[in-house]
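Read the structure below first, then the notes.
The values are calculated or read from the model by the stated rules, or taken from the named source; none is laboratory data. These numbers were taken from a predicted model, which means no experiment stands behind them. Quick reminder, even Gly has a Cβ in these numbers, built from the backbone with ideal geometry, and neighbours come from all protein chains shown. We work out accessible area using only protein heavy atoms, side chains counted, and drop any ligands, DNA or RNA first. Shrake-Rupley method; radii C 1.70, N 1.55, O 1.52, S 1.80 Å.
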Amino acid sequence: MRNSVRLAAAIAAVIALASGCSRDTSQTAAAPKESADQFVERLNHELDELGRESGAAGWAYATYINQDTEFLNAKATERTLAYFSSAVEAAKAYDGQQLSPATARALLLLKLGLSAPAPKDAAKRAELAAVTSKMEGMYGAAKYCPKGPESCKDQTQLTDVLANSRNYNELTEAWTGWHSTARPLRTEYVRFVDLANEGARELGFADLGAMWRSGYDMPPDDFTKDAARLWGQVKPLYDSLHCYVRGRLQKTYGADRVPGDKPIPAQLLGNMWAQQWGEIYPLVEPYPGVLDLDVTAALKKQKYDAVRITKSAESFYTSLGFNKLPETFWERSLLTKPRDRDVQCHASAWQMDTNGDVRIKQCIEPTQDHLMTVYHELGHVFYFMSYAKQPYIFQSGAHDGFHEAIGDTVNLSMTPAYLHQIGLTGAVKTSPEATINQQMKQALDKVAFLPFGKMIDEWRWKVFSGEVKPDNYNAAWWQLREQYQGVAAPVVRTEEDFDPGAKYHIPANTPYTRYFLSYILQFQFHKALCDAAGFKGPLHECSVYGNAEAGKRFREMLELGQSQPWQDTLEKLTGTREMDASAILDYFAPLQGWLKEKNQGQSCGW
Ligand code: X8Z
Ligand code: ZN
């Protein structure tokens, strides 16, 4: 992903837009003699230049957080913001003109190009750049130090506790400790909301949330309805999973701690944000011992290091016909956590320029979770490489959910058969019990995530519109977490806390609905690729590893970037113009049947 304020497409192009232009920004002011096509051509060139500067500053900051890199990153961001303000202003000269579809689209994307546009006022612009830069660093460097500097634990360590401990008090302390680090972010965030909203309003949007919802090639209200429709399609499946998992956690922790008809305490689900629950698989395994799915143990035993994990992911993509990663990827990526400095460990992918400098930044550890994340990040990287021939403004995902879905689509092909083939799981067994085990493991990540993916921006939409005010930030957050996820805060929360700030994408201002969409779309993509490969069995058994035809269809989609409305791009691969949950429901049909039976007689819901 690129950087925060920078470009809306964090990962993508438009972000890149943000990167820095070496020219004086005043050059962008309307050049009346320029035709619209010429203007867009100049934009593409300048944004490319600008992207290099903001990319370099952003990378330096994210991989070495200190006052100086924070300052330089803020300066680069400020220049990006200024460039955008002036470019959008200049583009108004073409309002009402007859434009080619490509030029009209480029000008529309320009306006949507930042995830937080600045007010025109120069002092406010500088303040916005400074506050966004500051928040990112605060998050990346945060530590919980219960008993002085020697006792400090960072996010990696606290996340490990959430994943591996089964001790209720230890889990509660790690959760509470990490969330306490977000308190100082509240003041910064309040100011950020004011400034970015002002920028969005100056561009003609009702608020920043409305601007985000306008990035989907359809009226923003239709998008809101579409996202709600998708959630409605998958909610019954989530409810079944929630009911079953709560029952099993009750067996582990007792009914006093996990009451039958209440939300699940958020620290018990194996993840700091209760967003993916794969780590508690051993507690909920339907048929113990039937299938060896312990990839983490295999990685450790075989002494996989970060490079080998990344090479394994690369091989999957090259098996589909993608070109290999460039040498510079290996020289310049950050694959392990440095010992001696603060870095932003939240994984991301970077398109540093349009000349093939692509990288990832991830503090890789030998676990299944990290393995899947590396495949996810490389999905972004192969998307960057695939659309590199497009004009700069179109170098982005068909929409941001597409960008998130590429690597995850590949994840869906990492079946037990594939993992066995690369030596990471035991022999594949086919039995109804093995299928249910495998599906449960997948559902703990893929189904459990859905309400989380939906609620994050639901909260931000309310914050940006003013429906939720700062004195109600935390209460509104927990209301949504209960409503969507059916999880509860481990300990009493107040407005002294700022729990949203404990999740990377809030201080980094990365829109989150993209992930919700990705978790629906990736199943549509998977189904389309399996069809292209001629696969005939149940969807969850399909892997397109090594399949040339599936690879070709996939690459053709990626090469289009953001050059046309996403509906056209989706149709090309899947034959439909709508995002739709039937593929994910189809995929999990065996598990949903099983869960319904197991949940009979239980009181489900919260
Ligand atoms: O942020 C990410 C990726 C980088 S784009 C690691 N994800 C979301 C998260 O961690 O919250 C992937 C899944 C959801
Ligand atoms: Zn991603």
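Answer yes or no as to whether residue 591 is part of a helix (DSSP H, G or I) and closer than 27 Å to residue 421 by Cβ. Answer is yes for this residue.
Filter segment 385-410 for residues that are open to solvent by 10 Å² or more (accessible area, probe 1.4 Å) and within 12 Å of ligand 2 (Cβ to nearest atom) and give the result. I'd like the intermediate steps shown before the answer.
Start the filter on segment 385-410 by keeping residues that are open to solvent by 10 Å² or more (accessible area, probe 1.4 Å), which leaves 385-386, 388-392, 394, 400.
Result: 400, single match.
For beta carbons closer than 7 Å, sequence separation of 6+ or different chains, a first residue in segment 500-514 that is of a type in the set (D, E, K, R) and a second that is more than 9 Å from ligand 1 (Cβ to nearest atom), the qualifying pairs are 514/400; 514/401. Is it true that some residue in segment 495-515 is hydrophobic (A, V, I, L, M, F, W, C) and over 16 Å from the mean Cα position of the chain (by Cα)? Within segment 495-515 (the criterion being hydrophobic (A, V, I, L, M, F, W, C) and over 16 Å from the mean Cα position of the chain (by Cα)), the answer is yes, since at least one residue qualifies.
Looking only at segment 514-534, decide whether some residue is in contact with a strand residue (DSSP E or B) (Cβ under 8 Å, 6 or more places away or on another chain) and crowded, with 17+ Cβ neighbours inside 10 Å.
From segment 514-534, those in contact with a strand residue (DSSP E or B) (Cβ under 8 Å, 6 or more places away or on another chain) are none; that's our starting set.
Checked against the condition, which is being in contact with a strand residue (DSSP E or B) (Cβ under 8 Å, 6 or more places away or on another chain) and crowded, with 17+ Cβ neighbours inside 10 Å, segment 514-534 yields no hits at all.
There is at least one residue in segment 573-594 that is small (Gly, Ala, Ser), in contact with a helix residue (DSSP H, G or I) (Cβ under 6 Å, 6 or more places away or on another chain), open to solvent by less than 50 Å² (accessible area, probe 1.4 Å) and more than 24 Å from residue 481 (Cα to Cα).
Going by the structure shown, is residue 37 farther than 21 Å from residue 380 by Cα, modelled with pLDDT of 60 or more, open to solvent by 10 Å² or more (accessible area, probe 1.4 Å) and in a helix (DSSP H, G or I)? When the stated conditions are applied, residue 37 passes them. Within segment 346-361, residues that are on the phi > 0 side of the Ramachandran plot have Cβ atoms under 6 Å from residues that are open to solvent by 10 Å² or more (accessible area, probe 1.4 Å) in these pairs: 356/326, counting only partners at least 6 apart in sequence or on another chain.
Of all the residues in segment 323-366, those that are over 23 Å from residue 141 (Cβ atoms) and within 14 Å of ligand 1 (Cβ to nearest atom) number 1.
Counting only residues that are surrounded by fewer than 16 Cβ atoms within 10 Å (Cβ to Cβ), in contact with a Lys or Arg (Cβ under 9 Å, 6 or more places away or on another chain) and among the hydrophobic types (A, V, I, L, M, F, W, C), segment 210-258 holds 1 of them.
Please verify whether segment 551-572 includes one or more residues that are open to solvent by 40 Å² or more (accessible area, probe 1.4 Å) and of a type in the set (A, V, I, L, M, F, W, C).
Here is the first cut: in segment 551-572, the residues open to solvent by 40 Å² or more (accessible area, probe 1.4 Å) are 552-553, 555-556, 559, 564-565, 568, 571-572.
Then drop every residue that is not of a type in the set (A, V, I, L, M, F, W, C), which leaves none.
No: segment 551-572 contains no residue that is open to solvent by 40 Å² or more (accessible area, probe 1.4 Å) and of a type in the set (A, V, I, L, M, F, W, C).
Exactly one residue among 450, 419, 424 is crowded, with 23+ Cβ neighbours inside 10 Å, of a type in the set (A, V, I, L, M) and assigned to a helix (DSSP H, G or I), and that residue is 450.
Residues of segment 541-550 being open to solvent by less than 10 Å² (accessible area, probe 1.4 Å) and either part of a helix (DSSP H, G or I) or out of contact with any Gly (no Cβ under 9 Å at 6 or more places or on another chain) (or both), which ones? Steps first, please.
Start the filter on segment 541-550 by keeping residues that are open to solvent by less than 10 Å² (accessible area, probe 1.4 Å), which leaves 542, 544, 550.
Passing the criteria: 542, 550.
Among the candidates 495, 482, 433, single out the residue that is modelled with pLDDT of 95 or more, more than 24 Å from residue 246 (Cα to Cα) and either small (Gly, Ala, Ser) or open to solvent by 10 Å² or more (accessible area, probe 1.4 Å) (or both). Let's see the steps before the verdict.
On the way: 482 fails: more than 24 Å from residue 246 (Cα to Cα); 433 fails: more than 24 Å from residue 246 (Cα to Cα).
Result: 495 is the single residue among 495, 482, 433 that is modelled with pLDDT of 95 or more, more than 24 Å from residue 246 (Cα to Cα) and either small (Gly, Ala, Ser) or open to solvent by 10 Å² or more (accessible area, probe 1.4 Å) (or both).
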